[in-house]
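Asker: The structure follows.
The values are calculated or read from the model by the stated rules, or taken from the named source; none is laboratory data. Everything numeric in this text was worked out from a predicted model, so none of it was measured. Heads up, the Cβs are rebuilt from the backbone with ideal geometry, glycines too, and the neighbour counts pull from every protein chain shown.
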Amino acid sequence: MRLRHIEVFHAIYTTGSVTQAAQILHISQPAVSKSLAHAEQQLGFALFTRDKNKLIPTAEAQALFPEIEHLYRQLHSVKTLADNLQRHDEGMIDVAITPALGFDVIPQAIARFNDRYPNVGFRVQTIHNDEAMQALVERQCEFALLFAAPNYPGVVAHDIAETSIVLVYPRALLAHQPGTVALAEIAQHPLIGIGDSGPVGQLLWQQLQGLGIHPQSQVQVDTYYVAARLVAKGLGVCPLDDLTAQGNPDPALGVARIEPTLEVPVRALHLTSRPLSKLSQQFLQVVRACIAEKA
């Protein structure tokens, strides 16, 4: 099927009328009928049958429609992007982020950016580090914002900021509510394990093992938000990045700096073959400022 065939098929299928399809496509009714007949001739089967003044999809048309709908949405996205690229202050920023940045940093950055560029759209998805390469290669996003992202072939990494690892604890558990805690003290308390959650957990566990400390955890999680909620319920303490801690305020939670300080870099990744757009570069400047304010 040609592009015009797809547009005509979709318009008739969703409206049930040649007349309304012609209005949607801004072409004449004879042009719609001719295109439909041509599509059916190429396919070798009918797509619609007539019932009074309505066109009823055949079984073959119903089987085709899900794929046609998918293609139609892609065509619409291409047209929207092409229109936006003609303007300097419009476009789409397509970003994948580590979930921790979604609590506060990215919403704040988008709100600020929207004040300056109200016609810029955003498509935001959350991913974990091990999903980043696939998302970039498959063009699911223009760039990814991650903690301590590893080096990938064909990928450029930009350092955006750093955030500290802090200890989140139930206030009821640590009555003296410390502002700082020594790294070696962490294993003295019930621990919510995040060793498999990514670079934050991995960095902390490496440091503890370097001190000869091998903490045991009754509860293991792979999502920082879940870890924070478990701490709020009094089930133990948990080392988290400071951005997650600030993004999940709770009267039941206390936050202590860890000594010695453990820093985790925030990096923006994009394909070498797909340089960042000017809009995305400007947006990353806003992200950098938002993280700096929380330091």
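Asker: Is it the case, given these coordinates, that residue 202 is surrounded by fewer than 15 Cβ atoms within 10 Å (Cβ to Cβ) and either small (Gly, Ala, Ser) or modelled with pLDDT under 85 (or both)?
Answerer: no
Asker: Can you tell me how many residues within segment 247-262 are surrounded by fewer than 17 Cβ atoms within 10 Å (Cβ to Cβ) and either outside the structural domain of residue 171 (by TED's automatic domain parsing) or not hydrophobic (A, V, I, L, M, F, W, C) (or both)?
Answerer: 7
Asker: So which residues in segment 235-250 are in contact with a helix residue (DSSP H, G or I) (Cβ under 9 Å, 6 or more places away or on another chain) and of a type outside the set (A, V, I, L, M)?
Answerer: 236, 238, 239, 241, 242, 244, 246, 247, 248, 250, listed by residue number.
Asker: If we keep just the residues of segment 144-171 that are within 22 Å of the chain's Cα centre (by Cα) and among the small types (Gly, Ala, Ser), which is surrounded by the most Cβ atoms within 10 Å (Cβ to Cβ)?
Answerer: Among them, the one singled out is 144.
Asker: When you scan segment 181-195, do you find a residue that is in a strand (DSSP E or B), closer than 29 Å to residue 292 by Cβ and either touching a residue at least 60 places away in the same chain (Cβ under 8 Å) or in the same structural domain as residue 289 (by TED's automatic domain parsing) (or both), even just one?
Answerer: Yes; the residues of segment 181-195 include at least one that is in a strand (DSSP E or B), closer than 29 Å to residue 292 by Cβ and either touching a residue at least 60 places away in the same chain (Cβ under 8 Å) or in the same structural domain as residue 289 (by TED's automatic domain parsing) (or both).
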